[in-house]
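Below: one structure, written as structure tokens.
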Amino acid sequence: MDALTNLKTSLSPEQASSDSQPTVQDLNRLLILQRDLLEKITLNLPLKAVLDGLCLEVEKIVGSCQVFIMVLDNRGYLDLLSAPSISEENTELFNRLAPGPNAGSSGTAVFSDQPVFVINTQTDSRWGHYQKLAYSNNIGACWSYPLHESAHKAIGSISIASEYPRSPSTFDARLLESAAHIAGIAISRHLSHTNLQNSEQRLSHIASSIPGVVLQTEFDINNKPFFTYVSEGIKKLCGIESTEARKHFNPVWKRLHIDDRATIKSALQSKQHNDSLWTMECRLTDENGKIKWIHLASTPEWDEQKSLKRINSIVLDITSEKEANARLELAGIAFASTNEGIMVADKDNLIVDVNRAYCEMTGYSREELIGTSPSILSSGRHEANFFHNIEDTIKEQGFWQGELWNRRCNGAIYPQWLNINAVLNNQGELTHYVSVSADVSNIKESEAKLRHMSQHDALTDLPNRQLYKVLLDHAIEHNLEDQHTAVLMIDLDRFKHVNETMGHQAGDQLLIQVARRLRNVIADSHLLARVGGDEFAIMIENCPHQGEAERVAMRIVNALETAVDLDGHNFFTTASIGITLYPQHGFDSETLIKNADAAVHQAKDDGRNNYAFYQPEQTHVIEQWVRLEPELRRALALDQFRVFYQPQLDAVSGKISGVEALLRWQHPTDGLMPPGMFLPIIEEIGLMNQVGDWVLEQACAQAAAWKKAGYPVFRIAVNIAGQQVLNHSLVTTVTELLSKYDIDPDQLELEIVENIVMKYDDAAQPVLNELRNLGVRLALDDFGTGYSSLSYLKMLPVQKVKIDQSLVRDIPDDPNDEAIAKAIIALSHSLNLSVCAEGVETEEQKAFLRNENCDQLQGYLISRPIPAAELTLWLDQHILDHP
């Protein structure tokens, strides 16, 4: 039924009779539309462009409408294909429309395969479910015509949607029918073209999926060959595009090796009139000049006159196979000649082959091993779980590597490093196991030696600090509840003196003898270690009480008091011992050792050749040292040191007779620090010479400044440390400073402490004599606090003795201090030495000392140590008070 017939049956009699027939002008417009659209189709314009143009032209002719085309998808739903006048936000309302008897105009037309003319979408039942679509797109009426591809059933529809309810004219129906035919032609042509392209693409994909190159060669009337088909693989094979190869035969032909071209020609002649497949291997050159190997498989076709009509060929690149074969040959050589043992087993883990190195390593012959299980080599050292784990790992990861112990043919057990790899075929199925093994006996021995060397001292063969800590932690972990673990840290006294005077070789001999003595005086169950240059450590595991640790310490002290013979010279060394106990002094090796080191310092402060138990306050001192040391190393360069001055008065006249230069440290965060907090650290880290020389120069420069300013000449006293006295350049330094600042030698007074002379008698005495000959005055500081002061008074070239403030502090309350002060003053005067009392803080002390004829007074009663600028002001006032 055509559109006009359907239209008449769809309209009422009044509507049908009132419709006028199309005019000549209408028919011309229809013909022009058909011609223009068919022209676009023949020009192969895109389908959507053709259909959009069709819809827009129909909209112009009908007026007040929207034209859209819908097609079925592969699931049977209608989707918009062309709707140029429908907004994008409304297109989704049209999509996924299911054809049916009440599916609007488009869905009903496709379902019934008949034109559908809905005059009023609001009243027509076929639009009952699509009122939202009608309202959103302002559709009052809708006329639809089914689309066909060739003579098949409907594939979609074209619709004219009027903006208001109305019935179509006869021309409108004719126009809709023509538009449907044109759209069907366009869609049919598009589908045919697409199917053709898909077929060609499938053929191309099939040819491309065939490994290598597919060729079809034919011959012209002159029997010259040319390609009628060349697959894309030709590009990868020799660098020539397939389109170029189809145009020109010779570029491909000439890529073949000249000898192989002759072979191909000969093969064609020998197989004349034979349609069977023939193959050969050839060489060709690719675009980079590289030689490739190809496998050529060809089937010739002959015509009725027995002339060669065409050849169908497949060319495969077998270069990699050739190279693989070469590698296999090389692998065979490597298998036979490598020094590592190689064993190949089948999937049932039975040996199928071994190389020469494997036989040499195991002691078995190849014939003895083939067909047996690798378990023949089992050492018996590993449990069944060990081998189960290996099997599980290979199943999960495809390989296993590690160390195990095997047994040789002669029964000897040896360590082996083993790599096992599972071999799978192309289907992923297990076929073989390949094992590569190496005898690591020598490596094991070397590792044991290296491990021993890394954990033991090379000189004494004792455990080192690392091993000592490990064993100490182990002992702590297994310590009994009612037992202790004792740590004794032993530091040799004066060991550096041996190295400096007798050389490192003598020092090594001393350490060896000390280690022997220590081992002889402790129980075999006690651990002895060398943990530093001159440091040893002992661990007493399951120590019952503190007394046991003390007894061991005393035996060590006594054992080391005996002289040591070093190349015929007797040398005495003693030990300072620090003791800690677990758990009282720490819960781990690090803490116990650290605290024992702190106790060593206490033992040294107590006079050396002694032992001390750890006290918590010792840790604070050590921690402070650790914190201040790096800052002290930079203090001089950063100009953080200061020199303060404390005046000394003549006890009789009250006039100033001298000042003492005292060092202070202006710490950047802790503020001004007294010397007791940092001088011991400076001495320990070897900076005393530098700092001492700096103080000496500062004092000389200040003395010169006061002299230049016109103040009365008085002595300036500077403390000299033991390291300075032992420094050979001290006399030179003093001489240069006296000359540089124009100071009379008698104006400079150097204060030394008696323990320096006691400790370094032979080295100190000549330096002091040179300074005295230079004219510099010498004073003995802190007198009365040592053990041999009286015996050294007449030996030292000093002119003054300073009574230590500890003997002045309790005057007049302590009769003993008064008696000692009296004796020192009397003894010094009998030796023609002047006396200065330090620490004078009360009038009572001043009166007592003046009454005993003490020469000079120094202390807070007179003035605290103050900077040079403040002392200058003090001098001004003092001169006024004592003209």
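Please treat every number below as a calculation from the coordinates, not as lab data. Computed from a predicted structure; not experimentally measured. Note: ideal-geometry Cβ built from the backbone for every residue, glycine included; neighbour counts use all protein chains shown.
Among all stretches of the chain without exposed chymotrypsin sites (Phe, Trp or Tyr not before Pro) (DSSP loop, at most 16 other Cβ atoms within 10 Å), which one is longest? Let's see the in-between values first.
Working: sites that count: Y77, F249, F572, F587, Y760, Y787, Y860.
The longest such stretch corresponds to 250-571.
How many nm separate the modelled label positions at E287 and Q397, each set 7 Å beyond the Cα in the direction of the Cβ?
Each label point is offset 7 Å from its Cα along the Cβ direction, giving 4.4 nm.
If you take the beta carbon distance between R75 and N28 as r and set R0 to 60 Å, what does 1/(1 + (r/R0)^6) give as a FRET efficiency, to the nearest 0.05?
Working: r = 42 Å, r/R0 = 0.70.
Step by step, r from the Cβ atoms, then E = 0.90.
Quick one: pull the percentage of alpha-carbon pairs in segment 456-613 with a separation above 21 Å. Numbers along the way, then the final one.
Working: 5132 of 12403 pairs.
Result for the distance tail: 41 percent.
Would you calculate the convex hull of the Cα atoms in segment 340-444 and tell me its volume per residue in Å³? All intermediate terms of the calculation are to be shown ahead of the outcome.
Working: hull volume 10.5 nm³, N = 105.
For segment 340-444, the hull spanned by Cα atoms encloses 100 Å³ per residue.
If the chain between W253 and A763 were fully stretched, how many nm would it gain, using 0.36 nm times the residue separation less the Cα-Cα distance? Mind dumping the intermediate values first?
Working: separation 510, 0.36 × 510 = 183.60 nm, distance 10.23 nm.
Value of the extension gain: 173.4 nm.
Of the listed values [x] 148, 62, 56; [y] 159, 90, 65; [z] 131, 71, 50, grab the one calculated as Cα extents along the principal axes in Å from the structure here.
[y]
May I ask you to list the GluC sites (Glu not before Pro) in segment 360-430 that are in a DSSP loop and have at most 11 other Cβ atoms within 10 Å of their Cβ? Write down the numbers at each step before the final one.
Working: sites: E360, E367, E368, E383, E391, E396, E403, E429; in loops: E383, E429.
Filter output for segment 360-430: E383, E429.
Suppose every Lys and Arg Cβ carries +1 and every Asp and Glu Cβ carries -1, with no other charges. What dipole size does segment 210-322 come out with about its Cα centre, to the nearest 20 debye? Provide the component values of the computation, followed by the final result.
Details: 17 positive and 16 negative charges, 54 e Å.
It works out to roughly 260 debye.
When the dipole is taken about the Cα centre of the chain, and only Lys, Arg (+1) and Asp, Glu (-1) are charged at their Cβ, what size is it in debye, to the nearest 20? Don't jump to the answer; show the numbers that get you there.
Numbers: 77 positive and 118 negative charges, 860 e Å.
Roughly 4140 debye for the chain.
So what's the angle, to the nearest 10 degrees on a 0 to 90 scale, between helix 504-521 and the longest Cα principal axis of the chain?
Tilt of helix 504-521: around 90 degrees.
What FRET efficiency comes out for L45 versus R96 if R0 is 25 angstrom and r is the Cβ-Cβ distance? Round to the nearest 0.05. Don't skip to the answer; put the middle values down first.
Values: r = 28 Å, r/R0 = 1.13.
Approximately 0.35, to the nearest 0.05.
Can you give me the Kirkwood hydrodynamic radius for segment 527-673, using every pair of distinct Cα atoms, in Å to one decimal?
Working: mean 1/r = 0.0523 Å⁻¹.
Evaluated over segment 527-673, this radius sits at 19.1 Å.
Taking Cα centroids, how far is segment 807-883 from segment 152-199 in Å?
Segment 807-883 and segment 152-199 have Cα centres separated by 128 Å.
May I ask which residue of A563, A475, N520 lies farthest towards the positive end of the charge dipole of segment 456-613, with charges of +1 (Lys, Arg) and -1 (Asp, Glu) on Cβ and the Cα centre as origin?
Ranked along the dipole, the leading option is A563.
As I understand it, the value is the acute angle between the Cα axis of helix 815-830 and the longest principal axis of the Cα atoms of the chain; what does it come to in degrees, rounded to 10?
70 degrees
Give the residue from F111, G332, A823 lying farthest towards the positive end of the charge dipole for the chain; charges sit on Cβ (+1 for Lys and Arg, -1 for Asp and Glu) and the dipole is referred to the Cα centre.
So the residue we want is F111.
Estimate the FRET efficiency between T842 and L636 by the formula 1/(1 + (r/R0)^6), using the beta-carbon distance for r and 56 Å for R0, to the nearest 0.05. Don't skip to the answer; put the middle values down first.
Values: r = 37 Å, r/R0 = 0.67.
That pair, T842 with L636, gives E of 0.90.
If I stretch the segment between S266 and R850 completely, what's the gain in nm (0.36 nm per residue apart, minus their alpha carbon distance), one decimal?
Numbers: separation 584, 0.36 × 584 = 210.24 nm, distance 13.83 nm.
Separation in residues times 0.36 nm, less the Cα-Cα distance, equals 196.4 nm.
So for the chain, averaging the separation of alpha carbon pairs under 8 Å that are six or more residues apart and normalising by length, what relative contact order in percent results? Spell out each step's value before the answer.
Details: 1459 pairs, mean separation 41.8, N = 883.
Relative contact order for the chain comes out at 5 percent.
Which trypsin sites (Lys or Arg not before Pro) does segment 252-312 hold that lie in a coil by DSSP with at most 13 other beta carbons within 10 Å? Mind dumping the intermediate values first?
Details: sites: K254, R255, R261, K265, K271, R283, K290, K292, K306, K309, R310; in loops: K254, R255, K271, K290, K306.
Counting only loop positions with at most 13 other Cβ atoms within 10 Å, the trypsin sites (Lys or Arg not before Pro) in segment 252-312 are K254, K290, K306.
Compute the acute angle (0 to 90°) between the alpha-carbon long axis of helix 546-560 and the principal axis of greatest extent of the alpha-carbon atoms of the chain; round to the nearest 10°.
70 degrees
Of K40/K235; K254/K322; K449/K496, which ones are farther than 29 Å apart at the Cα?
On the way: K40/K235 37 Å; K254/K322 22 Å; K449/K496 31 Å.
Distance filter (> 29 Å) returns K40/K235; K449/K496.
Using 0.36 nm per residue of separation minus the Cα-Cα distance, give me the extension gain between S446 and R381 in nm, one decimal. Can you show the working numbers first?
Values: separation 65, 0.36 × 65 = 23.40 nm, distance 2.17 nm.
Residue separation times 0.36 nm, minus the Cα-Cα distance, leaves 21.2 nm.
Restrict the search to segment 346-400; then list the trypsin sites (Lys or Arg not before Pro) that DSSP places in a loop and that have at most 13 other Cβ atoms within 10 Å of their Cβ.
Numbers: sites: K347, R356, R366, R381, K395; in loops: K347, R381.
Filter output for segment 346-400: K347, R381.
Distance between the C-alpha centers of segment 75-142 and segment 512-532? Whole Å please.
Taking the Cα centre of each part, segment 75-142 and segment 512-532 sit 105 Å apart.
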